[in-house]
Amino acid sequence: MREISVDTIIEKLSWMCIEANCRLNSDIHNAIRTCKDKERSEIGRDILEQLLENADIAKKEMMPICQDTGMAIVFCEVGQEVRITGGSLTDAINEGIRQGYEKGYLRKSVVKDPFFRENTGDNTPAIIHYDIVPGDKVKLILAPKGFGSENMSRIHMLAPSDGMEGAKRVILETIDQAGGNACPPMVVGVGIGGSFEKAPQLAKKALLRPVGEGSPIGYVREMEQELLEKANKLGVGPQGLGGITTALAVHIETFPTHIAGLPVAINISCHVTRHAECEI
Amino acid sequence: MVYNLETPLTEEAVGMLKAGDKVLLTGVVYTGRDAAHKKMVEQLERGESLPFDLHGNILYYVGPTPAKPGQVIGSAGPTTSYRMDAYAPVLMDRGLKGMIGKGDRNRAVVESMIKNQVVYFGAVGGAAALIASAIEEAEVIAYEELGTEAVRKLKVRNFPVTVVIDAQGGNLYETEKAKYRNVE
Ligand code: SF4
């Protein structure tokens, strides 16, 4: 068994919090730039220009791109030949978030109870998705998720007869209704199949894919392209103020499902779709 | 049109602004989001006065990140406004003249804006580091226990906003989207 200390996890994760929140990944930066050149709305072009300028300031000053530094979503793949030493892995992940959000001057946006909304003061707990995988490594992916766009996400338990057309319809409706609330241009993660809880997890994972990298499955890739084109004809535009740049990408993940079901989950994300990863 | 406006907002200024106008705001702006709105409206219901005078003033829906040493404020972009819709009309009835946020408002808010002659500005959601550079001073003046959600008094210079819903009900979210919409 390979041993990995909780201290290593804490240290890596705390650094990833700062990195993810202050540096806009180049795939998104490039996508915004390309869209700016094509955008027909003058207001829209102006907004896209401001977004690029904002990302540059954030990187230079190492300050958060957006004030909503999100709830910390962590995907953790644990190799089955790894033994974690020095404490619990879940505690270590939360400690990494706690330290990163404190050291990086990031916003603490988590409340203890959905009704009695007292801030936990350290942005924990993180939402952690574990996967046990072969090998002797631990892979951590941190995706801080803002809630302006999270609130615009939806799940639909469609009937199999609704088919691909039904899925496309609900995806486009969700993007349309999200409008300016989700800080467009959006990145749209879609999970199709699985069960009631699997589909949104797939949708969240779909957001991790680099913008512009299509699905390896042919028909899914075609769906992604068609939906992106149609999303950009909705008129929503940058910040919902009109234009042809509503989404930067639509990413779809699929999974086997039940004979009676067609779950479709749409996780809306914004132009500040963040993630950092590391392998230990 | 592009305007340079100073706060507090006058009746004339509010009356002349049209959806689509760009405005550079200079002066005092107060911050408040979900929890602060709930507290303010509860205070009013109990007959108490608010931590600041609403007359002619602007509320910016924002929960900034903590300031680093040497900074006035951290990143400070707008949050989504519809969550304040339930509270906004009460505040407009008490003299609030402007709101800054992102995203569309409900009908009750727009009706109250027309009745009370109030303007709703959009700031660029996510452009939080850029907006921070327009903030010269920041001071928590109420509900400190709310952390990022506390009410702050900001002094801003040339804070870039767009009139998205004007005091006549003109709404950029509706008119601009329609121009670029191309769906069967
Ligand atoms: S939706 Fe994204 S860009 Fe907009 S405020 Fe939230 S995190 Fe920031």
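Within the bounds of segment B:155-169, is there any residue that is in contact (Cβ under 8 Å) with a residue 12 or more places away in the chain, among the charged types (D, E, K, R) and farther than 30 Å from A:THR245 by Cβ? Walk me through it before giving the result.
Going through segment B:155-169, the residues in contact (Cβ under 8 Å) with a residue 12 or more places away in the chain turn out to be B:155-169.
Pick out the ones that are also among the charged types (D, E, K, R) and you get B:155, B:157, B:166.
Pick out the ones that are also farther than 30 Å from A:THR245 by Cβ and you get B:155.
Scanning segment B:155-169 turns up at least one residue that is in contact (Cβ under 8 Å) with a residue 12 or more places away in the chain, among the charged types (D, E, K, R) and farther than 30 Å from A:THR245 by Cβ.
Of the set (1) modelled with pLDDT of 95 or more; (2) within 15 Å of the ligand (Cβ to nearest atom); (3) within 29 Å of A:LYS103 (Cα to Cα), all apply to A:ASN25 but (1).
Can you pull out the residues in segment A:122-155 that are free of Cβ contacts under 8 Å to residues at least 40 places away in the same chain and either loosely packed, with under 14 Cβ neighbours inside 10 Å or within 15 Å of the ligand (Cβ to nearest atom) (or both)? Before the answer, list the steps.
So the first thing to find is which residues in segment A:122-155 are free of Cβ contacts under 8 Å to residues at least 40 places away in the same chain, and the list is A:122, A:125, A:151.
The one that is free of Cβ contacts under 8 Å to residues at least 40 places away in the same chain and either loosely packed, with under 14 Cβ neighbours inside 10 Å or within 15 Å of the ligand (Cβ to nearest atom) (or both): A:ASN151.
Among strands (runs of 3 or more DSSP E) entirely within segment A:83-170, having at least 2 residues that are within 30 Å of A:ILE259 (Cα to Cα) and touching a strand residue (DSSP E or B) at 6+ places or on another chain (Cβ under 9 Å) singles out A:127-133, A:154-158. Within segment A:9-43, the residues that satisfy the criterion of being open to solvent by 80 Å² or more (accessible area, probe 1.4 Å), within 14 Å of chain B (Cβ to nearest Cβ) and more than 21 Å from A:VAL74 (Cβ to Cβ) are A:LYS38, A:ARG40, A:GLU42. Of all residues in segment B:74-120, those that are within 16 Å of the ligand (Cβ to nearest atom) and over 16 Å from A:ASN181 (Cα atoms) total 3.
Confirm whether B:VAL124 is among the hydrophobic types (A, V, I, L, M, F, W, C), buried (at least 24 other Cβ atoms within 10 Å of the Cβ) and more than 14 Å from every other protein chain (Cβ to nearest Cβ). Give the steps one after another, and end with the answer.
Details: among the hydrophobic types (A, V, I, L, M, F, W, C): yes; buried (at least 24 other Cβ atoms within 10 Å of the Cβ): yes; more than 14 Å from every other protein chain (Cβ to nearest Cβ): no.
No: the conditions fail for B:VAL124.
Taken over segment B:1-38, the criterion of being under 18 Å from B:GLU144 (Cβ atoms) and either in a strand (DSSP E or B) or open to solvent by less than 70 Å² (accessible area, probe 1.4 Å) (or both) is satisfied by B:TYR30, B:THR31, B:GLY32, B:ARG33, B:ASP34, B:ALA35, B:ALA36, B:HIS37. Out of curiosity, is B:ALA178 closer than 30 Å to A:ASN123 by Cβ and of a type in the set (A, V, I, L, M, F, W, C)? Taking the combined requirement at face value, the residue does not satisfy it.
The values are calculated or read from the model by the stated rules, or taken from the named source; none is laboratory data. Remember, it's a predicted structure, so these values are computed and weren't measured experimentally. We place every Cβ from the backbone using ideal geometry, glycine too, and count neighbours over all the protein chains shown. The protein model used for the area step is the full one, side chains on, heavy atoms only, and it has no ligands, DNA or RNA in it. Shrake-Rupley method; radii C 1.70, N 1.55, O 1.52, S 1.80 Å.
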